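To keep things clear, I will list the structure first and then write my remarks on it.
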Amino acid sequence: MADSGSPRIDAESDFLRARRAQTLSALASRLRGDGDTRRALSFDEVVDALGRRGERRLGLQLIPLDSIVGSVDKARDFDRRFRPTSDKSRARWERIARASRVGEEIPPIDVYKLGDHYFVRDGHHRVSVARALGLRLIEADVTEVQTLLEPREIGRRSDLERNLWRKLFLQRVPLDRSVREEVRVTEPYDYGVLAEMVEAWAARRMMAEEQLMDKRTMARRWFDEEYLPVLQLIADAGVKGEDETDADAYIRVSGERYRLIREHLWNREIMDEIMRGRSRRRSGGRGSSSSRGGSRRR
């Protein structure tokens, strides 16, 4: 931290240095094509993707500045490292920088906590100045927000899209927390496809058994009676793709089964027919995209 002996001049230099670093970082990110990772995260967008369950106040704490990644209402005014993205609040920024340099007491900031990440409700300029001055910790009044999904993989908009589809899937198919990690797809919209497949399976079971089941019962029974046994058949038949998750393979093979046989049963004869159909398509030069399309036409 440079010190000329004049808090006013030093504060002006602090701001110019932060703005210059933000401008160069934004330019480099655009050239690399990863500008999305440099923007401060929007709290509302992240919570909407994860699903809000509740909150609790944790009180005053010292929190790492590096863990503050977003904002409730000023995500466009600062980048991910809380450097200002314009000069519009320069006077306020420099006033806080001068106060910090002369040792004035700076009020705690106000943040939401999501997992190991923090989002600023009040105190954006205080965070920005503290980072510019090389501080590592800052005092904050913390409110923890609980979400349906674990708050991880939230750095990119593509991560938020995947989390949003996964949240919608778990709202429709409320799997037990102990098995949720065993059901993940690669393409976000396939969570919608999978939800429809689970609900269709449950509808057939309820018709056969002549009794209703609630969503949690549906999710538990589908996982135990359908998903796990089918994954075992897929493994035994060796038809899982190298880049597929278990759920990817379940969706693809289920769609292929119905396209070839118009049947919802599972047995070894059906798996043999799927393997023969796959071999015929390969020899005919057709790609695998038709099987994924088949899963959506069910």
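The values are calculated or read from the model by the stated rules, or taken from the named source; none is laboratory data. The model shown is predicted, which means the values in this text are computed figures rather than measured ones. A quick note on method: Cβ atoms are made from the backbone with ideal geometry, for glycine too, and the neighbour counts reach across all protein chains shown.
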Problem set entry | Members of the range 104-137 found to be within 20 Å of residue 58 (Cβ to Cβ), charged (D, E, K, R) and touching a residue at least 40 places away in the same chain (Cβ under 8 Å), listed by number | 113, 116, 121, 136
Exercise. Within the range 125-143, can one find any residue that is in the same structural domain as residue 25 (by TED's automatic domain parsing), part of a strand (DSSP E or B) and under 19 Å from residue 23 (Cβ atoms)?
Worked result: no
Seminar exercise, completed: Over the range 146-164, the set of residues assigned to a loop (DSSP other than H, G, I, E, B) and charged (D, E, K, R) is 150, 152, 153, 156
Problem set entry | Check on residue 248, over 23 Å from residue 166 (Cα atoms) and of a type in the set (Asp, Glu) | no
Exercise. Tally time: how many residues in the range 180-192 are closer than 19 Å to residue 49 by Cβ and part of a helix (DSSP H, G or I)?
Worked result: 5
Problem set entry | Single unsatisfied condition, residue 165 versus (1) closer than 16 Å to residue 68 by Cβ; (2) touching a helix residue (DSSP H, G or I) at 6+ places or on another chain (Cβ under 8 Å) | (1)
Problem set entry | Residue count, the range 237-254 (criterion: in a helix (DSSP H, G or I) and either free of Cβ contacts under 8 Å to residues at least 24 places away in the same chain or not charged (D, E, K, R) (or both)) | 7
Seminar exercise, completed: Here the residues within the range 206-236 that are surrounded by fewer than 16 Cβ atoms within 10 Å (Cβ to Cβ), free of Cβ contacts under 8 Å to residues at least 40 places away in the same chain and part of a helix (DSSP H, G or I) are 206, 207, 208, 209, 217, 224, 225, 228, 229, 232, 235, 236
